[in-house]
Each structure stands twice: as structure tokens, then as C-alpha cells.
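Below is one structure, written out as C-alpha cells; comments come after it.
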Amino acid sequence: MKMESSNERKLELTLCGMLPYKLNVEYKSSEQISRDKWIDTINVVEMTSFYLGVNRSNVTPLLHSLDKLTEPILEGGLIPIVELAKIALKYKGVPDHPWELFFDGVGCGCRARGYEINFWFENGVFQYSYKKQNRFVDNQFQLFEKLKEMHFNVFDIPKEMYIEKPTSNNNQKQ
């Protein structure tokens, strides 16, 4: 019995954990895809229903690294950390209004203009501060599901095991 490495297991979890979110992959096969160099980017859900028994070593996911949280990489130029802050703080009475990014040397995040609220992601946890009191965000699970939906590398697979996902062409600042 062959033992899987921890990185192979992370890749498997990434592929399985992102199936509901139409994760794009690069799939290499000379038999089933006939394009230049036999490579195509296809939807994992379609791939698994059509190519049952696919060899996992031929599949490379297209993901965003977590250091792209503060970049306008989403459709319409939206910034992931700002979209996550809106979700996390929706029930805290923070209205939907302009946010600005900040970098403090340790981490990065965003703050609501006109409010004493900061929101950031550090050491694998979403946090916020209100009136200079730091707190953990209550809905961590919901935010990690949103990261998976946005195709972020939440399972911390090594860079050599995924391809950096191209960003949206429609990048306009928020």
C-alpha cells in the first residue's frame, strides 16, 4: 500500500472541497483532450462526471494564493478582503459603504471609512476590531466557504501543486 504525502492529501482535499464551487483545473491527457499540448482548463464537476477514474496526478487546480486577498482580483474589480468584511460584519450593524485597505507590517486588512472598525485575516483566522478592542469573527466557517467559492488556496497546498488563477480582466477599484 502506497502512503500519500501530506501535500498530496492537501491537493485531494482542495479538489474535493471545492467541487461545489466550479473549481477550474488544468487536466493533462493525450487521450481525452485534443488541444495544443493536450492541456485544457475545464470545470471539475464536468470532468468528474465525464472522466470517472481520472488520475489525480494529471489534475492541477487553478487557485488564488491568500496574499491576493487585498488585490482587486474578483469580477468587477472587487477586493476579496472587503467582500469578506461585508459578510462578516453584516450583522454587527455596519452599513455597506466604502472601505479602505491598510497594511500594518504584520498583516493587512480593511477598515470602514467613518467607523472605528477594522477587519483582517491573520494566522488563519478572521478578526475585527471595534473601538480598539480586537475580536474574532463569529462566522469563520461562512467566510472560509466564501474563500473556497472565490477559489483561494485555503488548504495551504504548496505553490508547485497549483497554478495561480488568472485575475478578472474587469478590474476597477472599489
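The values are calculated or read from the model by the stated rules, or taken from the named source; none is laboratory data. Keep in mind the model is a prediction, meaning the values are calculated, not measured. Using ideal geometry, Cβ is built from the backbone for each residue, glycine included, and neighbour counts are taken over all protein chains shown.
The table below gives the values:
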quantity: Test: residue in the stretch 116-125 that is at pLDDT below 80 and touching a strand residue (DSSP E or B) at 6+ places or on another chain (Cβ under 7 Å); calculated: yes
quantity: Residues satisfying the stated conditions in the stretch 135-152, i.e. surrounded by 14 or more Cβ atoms within 10 Å (Cβ to Cβ) and in contact (Cβ under 8 Å) with a residue 60 or more places away in the chain; calculated: K146, L147, K148, M150, H151, F152
quantity: The listed residue being within 24 Å of H151 (Cα to Cα) and either exposed (fewer than 15 other Cβ atoms within 10 Å of the Cβ) or at pLDDT 75 or above (or both), out of M47, M18; calculated: M18
